[in-house]
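Structure, as structure tokens:
The values are calculated or read from the model by the stated rules, or taken from the named source; none is laboratory data. Please read all numbers here as calculations on a predicted model, not as lab measurements. Note: ideal-geometry Cβ built from the backbone for every residue, glycine included; neighbour counts use all protein chains shown. Quick note on the areas: whole protein, heavy atoms, side chains included, nothing else; ligands and nucleic acids left out. Shrake-Rupley method; radii C 1.70, N 1.55, O 1.52, S 1.80 Å.
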Amino acid sequence: MTERSNFGSKLGVVLASAGSAVGLGNVWRFPTEVGNNGGAAFILIYLLCVLAVGVPVMMSEFLIGRHTNANTITAFSKLAPGKWWRIEGVAGVFVAFLILSYYTIISGWTLYYLVQSLKGALLTDQDYSVYFNSFVSEPFTPLLYAIIFMVMTHLVIARGVQSGIERFSKIMMPMLLLIIGILVVCSFGMPGAGTGLRFLLKPDFSKVTASVVLSAMGQAFFSLSLAMGCLCTYASYFTPDTKLVKTAVSVCSIDTFVAVLSGFIIFPAVFSVPNVSPDEGPGLVFVTLPNVFNIAFHSIPVLGYIFSGLFYMLLLLAALTSAMSLHESVTAYVIESWGIPRKKASAMVSASCMTLGVLCSLSFGVLSDFTICGLTIFGLFDFCASKIIMPAGGLIICLFVGWYLDRKLVYNELTNCDTVPFRLFRFYIFLVRYVVPIAIGLIFINELLG
Ligand code: PFF
């Protein structure tokens, strides 16, 4: 077997992990959830979930990966030989594969919208809901764009850890942050921005229900890439001197910062045109925003090209760095457990994931009547991945670290053998033993019943 690689720098570690976390979940799903769940109050609860659940679970994944230096399945097998904990590793890799297959389809949509916005097609008077539906239900074009997206992801992963993932994260993440900065400034300058800002900043706690709290927690899980083996796999490339607690805090902060800024981009824009509402659901970035671009920039189309082009570029970069981590989680397993060289392993993963992706894509069109338990293929994959396997995975990881792993091992990993102080260690153990499992148990029950 070939020698295992590592990330070459601290910046590479943070940017690659933040790249995994920052994705469609931040720019697309977070504003949608904020819009549907009443604005600022949701954001406050979300912040609490990131602090109390996100950071400890991320630290736990990091320590498992770094300690074992292996893909997620092998990691659990090494730490608990012959025990059923290995199932969590298997579920992580499996769910990463499943998510990649449908994440690629949505990412293909963003690529298509980027091309269309550069061609000026998003600045014409038309019904964007019809536009979107006729695009996604068509059999070939969405697939073509998904394939192009998968090839882009594949090319990065096939190059390996340092010259692929790390190098491209170091290029793409700063670009992404720069684009966000530009868009926030533009959005603040739009008429009616004040109403959007008020929506984001003034909490209305009357809107807070148990289901809002649970949605915030589910969003934190998805957005931080937790429980899918991705961060565990990346951590297996960390060096012994990587500070796990500091890295987890940095990654969670960057992810949250990008999510909130995405809200600052979208809502001032949405509120700047009449008769467009912030709670349009998942169509927010593919239906509502093109509408906004068209109306708001009618008199100065050149600004419309720039704003819409940059926005879809942002979505695409975010999607790409996340897809890379999903791909790597599976590829690392294929390389290490099946003894297949990286280039061939990544080609196998790309091809098989794309095959599954075809079904997901067609489920918006010709296969839309084919349902299992009332869900289309896309819906079923999303349901299994984000509503069952993911919360269950988070729960198992916490129980594993909190109750099964040797306390000394956990302490040594988080403090780099007592060389980096971590005063909140006992509090961390309390969180992973009790608070997080109970919180996740609640999401789980709610999602299943809901
Ligand atoms: N965190 C990514 C996002 O916010 O879009 C999605 C994601 C990536 C989820 C990697 C899970 C994962 F393992």
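Site pair SER253 and VAL115 shows an inter-label distance of 4.0 nm when each label is modelled 7 Å from Cα along Cα→Cβ. Of all the options MET190, MET228, MET150, the one that moves most in a Gaussian network model of the chain with Cα springs shorter than 10 angstrom is MET190. Shown here for the range 57-161: chymotrypsin sites (Phe, Trp or Tyr not before Pro) in loop regions (DSSP other than H, G, I, E, B) with at most 15 other Cβ atoms within 10 Å, namely TRP84, PHE140. Under the combined filter of DSSP loop state and at most 14 neighbouring Cβ atoms within 10 Å, the range 66-102 retains these trypsin sites (Lys or Arg not before Pro): LYS83. Mean separation of Cα pairs under 8 Å and 6 or more residues apart, divided by the residue count, gives the range 103-207 a relative contact order of 26 percent. When the surface is traced with a 1.4 Å probe over the full set of protein chains, SER9 keeps roughly 40 Å² accessible.
Applying the criteria of a DSSP loop state and at most 13 other Cβ atoms within 10 Å to the chymotrypsin sites (Phe, Trp or Tyr not before Pro) of the range 369-450 yields PHE370. If the segment from LEU442 to LEU144 were pulled out straight at 0.36 nm per residue, it would be longer than the present Cα-Cα gap by 103.3 nm.
The ARG407 and LYS78 beta-carbon pair, evaluated with R₀ = 30 Å, returns a calculated FRET efficiency of approximately 0.95. For the chain, the relative contact order works out to 34 percent when only alpha carbon pairs closer than 8 Å and six or more residues apart are counted. Expressed in units of 2.2 N^0.38 Å, where N is the residue count, the Cα radius of gyration of the range 133-216 is 1.69. 3J(HN,Hα) couplings calculated from phi for the range 312-322 with the Karplus curve 6.51 cos²θ - 1.76 cosθ + 1.60 (θ = phi - 60°) are, in sequence order, 6, 5, 4, 4, 5, 4, 4, 5, 5, 5, 6 Hz; Gly and Pro show x.
Projecting the Cα atoms of TYR404, LEU261, THR376 onto the dipole axis of the chain, where Lys and Arg carry +1 and Asp and Glu carry -1 at the beta carbon, places TYR404 farthest toward the positive end.
Which shape class, rounded, prolate or oblate, goes with the range 340-450 when its Cα gyration tensor gives a ≥ b ≥ c as root eigenvalues, a/c under 1.5 marks rounded, and past that a/b bigger than b/c marks prolate? Oblate is the answer for the range 340-450, as a/c is 1.5 or above yet b/c matches or exceeds a/b. In the chain, helical runs assigned H by DSSP with n ≥ 4 each contribute -39500 (n - 2.57); averaged across all residues and rounded to the nearest 500, the mean residue ellipticity at 222 nm is -22000 deg cm²/dmol.
Structure remark: mean-square fluctuation, Gaussian network model of the chain, C-alpha springs under 10 Å; the largest value among SER363, SER206, SER223 belongs to SER206.
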